[in-house]
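Notes follow once the structure below has been shown.
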Amino acid sequence: MTGRPTLAVVGATGAVGTVMLQILSQRADIWGEIRLIASPRSAGRKLTVRGAEVEVAALTEDAFAGVDIALFDVPDEVAAEWAPVAAARGAVVVDNSGAFRMDPDVPLVVPEVNPHTVRSRPRGIVANPNCTTLTMIVALGALHAEFGLRELVVSSYQAVSGAGRAGVEALRAQLSLVAGTELGTSPGDVRRAVGEDTGPFPEPVALNVVPWAGSLREDGWSSEEMKVRDESRKILGLPRLPVAVTCVRVPVITTHSLTVHARFQREVGVEGAREILATAPGVVLCDDPAAGEFPTPADVVGTDPTWVGRVRRALDDPTALELFVCGDNLRKGAALNCAQIAELIAAETSAGVPPAL
Ligand code: 2RA
């Protein structure tokens with residue numbers, strides 16, 4: 001890479017791609033050309049990035065000519081096919097799909113937690129974690145560095161935009177069908193109002209919570225639950241960490257939340273934990289229940305940090321903490337972390353100045 005690097009955004013027209021263009025327009029501009037790439041169906045559309053219109057190119061091998069870093073936000077099977085093509089053309093790929101996250105030759109990077117791993121990328125591919133993992137891992141990484149994590153028990157409250165534009169459209173359509181009604185008082189009344197088409201969710205999500213995200217894996221676990229377990233272990237470098245996860249979809253447009261029970265190697269004090277969280281890069285402590293202060297998606301959406309509240313020591317275990325965390329699943333949960341990884345890679349060749357997190 002010489003001069004300002006050329007960046008490609010693959011999947012530029014999707015829900016995460018749209019936020020990616022906003023983030024690239026808001027952060028310090030270190031890029032030369034920003035090339036936008038999408039499926040042939042979207043080619044020719046014009047999108048705005050850094051205040052200028054850019055025409056979307058179709059996903060072809062030639063589209064990667066001269067690209068230094070390519071950010072991919074496309075379905076797993078598209079990433080599995082095209083990320084190696086981009087890497088073979090000389091680009092470093094930062095991939096937000098699930099195709100490479102558990103590949104031992106692909107680092108899974110969170111710049112606040114394991115930035116050093118980005119340099120070891122024999123396939124020319126760096127993976128971005130799943131948004132549910134990312135929502136909690138910055139805060140947990142900071143606590144782990146001090147206390148040593150021994151066990152995690154987690155429940156998620158996931159926003160519908162985690163399922164892409166189709167998820168957002170499904171919730172908005174369902175809300176319009178139930179708004180102003182007395183529904184939600186007898187079994188099945190919401191389901192009958194919403195009808196058969198529940199979008200990407202197995203049940204109505206309006207006026208409801210759905211204990212499911214992803215696809216079925218062994219023994220009743222969901223793919224989303226396994227991702228949180230496997231990815232947390234890899235990012236924290238704790239391959240045998242006990243992790244129990246239940247993923248739940250809630251009627252929130254954007255911003256995932258999680259409750260976390262984290263057990264550590266030694267006794268933890270709430271004040272010490274609060275101090276770590278209050279000073280950790282990328283974390284905001286918002287924790288004053290007496291004043292009614294805790295993070296909620298309605299306030300966190302559109303912001304960059306991980307917000308942490310409800311910090312308590314477990315009643316029955318002095319080595320464990322209970323936390324509530326919220327993070328915008330399209331920003332830190334996806335586009336922002338990808339952009340931060342790309343900045344880390346770009347900094348490798350530019351005067352050694354570390355990028356701002
Ligand atoms: C979801 N975490 O919320 C997924 C998206 N990557 O469905």
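Since every read-out is calculated from the coordinates, none of them should be taken as a lab result. Nothing here was measured: the structure is a model prediction, and the numbers come from that model. Using ideal geometry, Cβ is built from the backbone for each residue, glycine included, and neighbour counts are taken over all protein chains shown.
Taking the Cα centre of the chain as origin and charging only Cβ (+1 Lys, Arg; -1 Asp, Glu), how large is the dipole, in debye to the nearest 20?
340
Subtract the Cα-Cα distance of Ala278 and Ala28 from 0.36 nm times their separation in residues, and report this length gain in nm to one decimal.
Extending this stretch completely gives an extra 87.5 nm.
Multiply the residue gap between Ala193 and Asp316 by 0.36 nm, knock off their C-alpha separation, and tell me the result in nm, one decimal place.
Length gained between Ala193 and Asp316: 39.9 nm.
Quick one: Karplus J couplings for the range 198-211, per residue in order, coefficients 6.51, -1.76, 1.60, θ = phi - 60°, nearest Hz, x for Gly and Pro?
Karplus-based 3J(HN,Hα) across the range 198-211 equals 9, x, x, 10, x, 9, x, 10, 5, 6, 8, 10, 10, x Hz.
Quick one: 3J(HN,Hα) in Hz for the range 10-20, Karplus 6.51/-1.76/1.60 with θ = phi - 60°, rounded, Gly and Pro as x.
Ordered by residue, 3J(HN,Hα) equals 9, x, 5, 8, x, 4, 6, x, 4, 5, 4 Hz.
Helix-derived [θ] at 222 nm for the chain: sum -39500 (n - 2.57) over DSSP H runs of at least 4, divide by residue count, nearest 500?
Helix contribution divided over all residues of the chain: -9000 deg cm²/dmol.
Just want the answer: with Cβ charges of +1 for Lys and Arg and -1 for Asp and Glu, which residue in Ala298, Ser257, Ala79 is farthest toward the dipole's positive end in the chain?
Going by the Cα projections, it comes out as Ala79.
Hey, could you get me the Stokes-Einstein D for the range 55-95, Kirkwood radius over alpha-carbon pairs, 37 °C and 0.692 mPa s, rounded to whole µm² s⁻¹?
Roughly 322 µm²/s, to the nearest whole number.
Can you compute the charge dipole magnitude of the range 1-158 about its Cα centre, using +1 on each Lys and Arg Cβ and -1 on each Asp and Glu Cβ, nothing else charged? Give it in debye, rounded to the nearest 20.
With Lys and Arg at +1 and Asp and Glu at -1, about 260 debye.
Based on DSSP, what percent of beta bridges with both residues in the chain are antiparallel, to the nearest 5?
50
Using θ = phi - 60° and the Karplus relation 6.51 cos²θ - 1.76 cosθ + 1.60, list the HN-Hα couplings for the range 273-289 in order, rounded to whole Hz, with x at every Gly or Pro.
Those phi angles translate into 5, 4, 5, 4, 5, 5, 10, 5, x, x, 10, 10, 8, 9, 8, 9, x Hz.
If you average the sequence gap of Cα pairs under 8 Å that are 6 or more apart and divide by the length of the chain, what percent do you get for the contact order?
For the chain, the relative contact order is 18 percent.
Could you order peptides 168-180, 316-328 by the average number of other Cβ atoms within 10 Å of their residues, highest first?
Per-residue mean Cβ counts within 10 Å order the peptides as 316-328, 168-180.
Non-local amide H neighbours of Ile125 (under 5 Å, H modeled in plane, Pro and chain starts lacking H): which ones?
Under 5 Å from the amide H of Ile125: Val93.
Compute the separation of the alpha-carbon centres of the range 265-340 and the range 238-258 and state it in Å as a whole number.
What the calculation gives is 14 Å, centre to centre.
Less than 20 Å apart at the alpha-carbon level, and either on another chain or at least 8 residues along: which lysines does that give for Lys332?
Qualifying lysines at Cα under 20 Å: Lys227, Lys234.
Residues of the range 1-26 with backbone nitrogen within less than 20 Å of a virtual label 7 Å along the Cα-to-Cβ line of Thr349, please, listed as ranges.
Answer for the range 1-26: 1-10.
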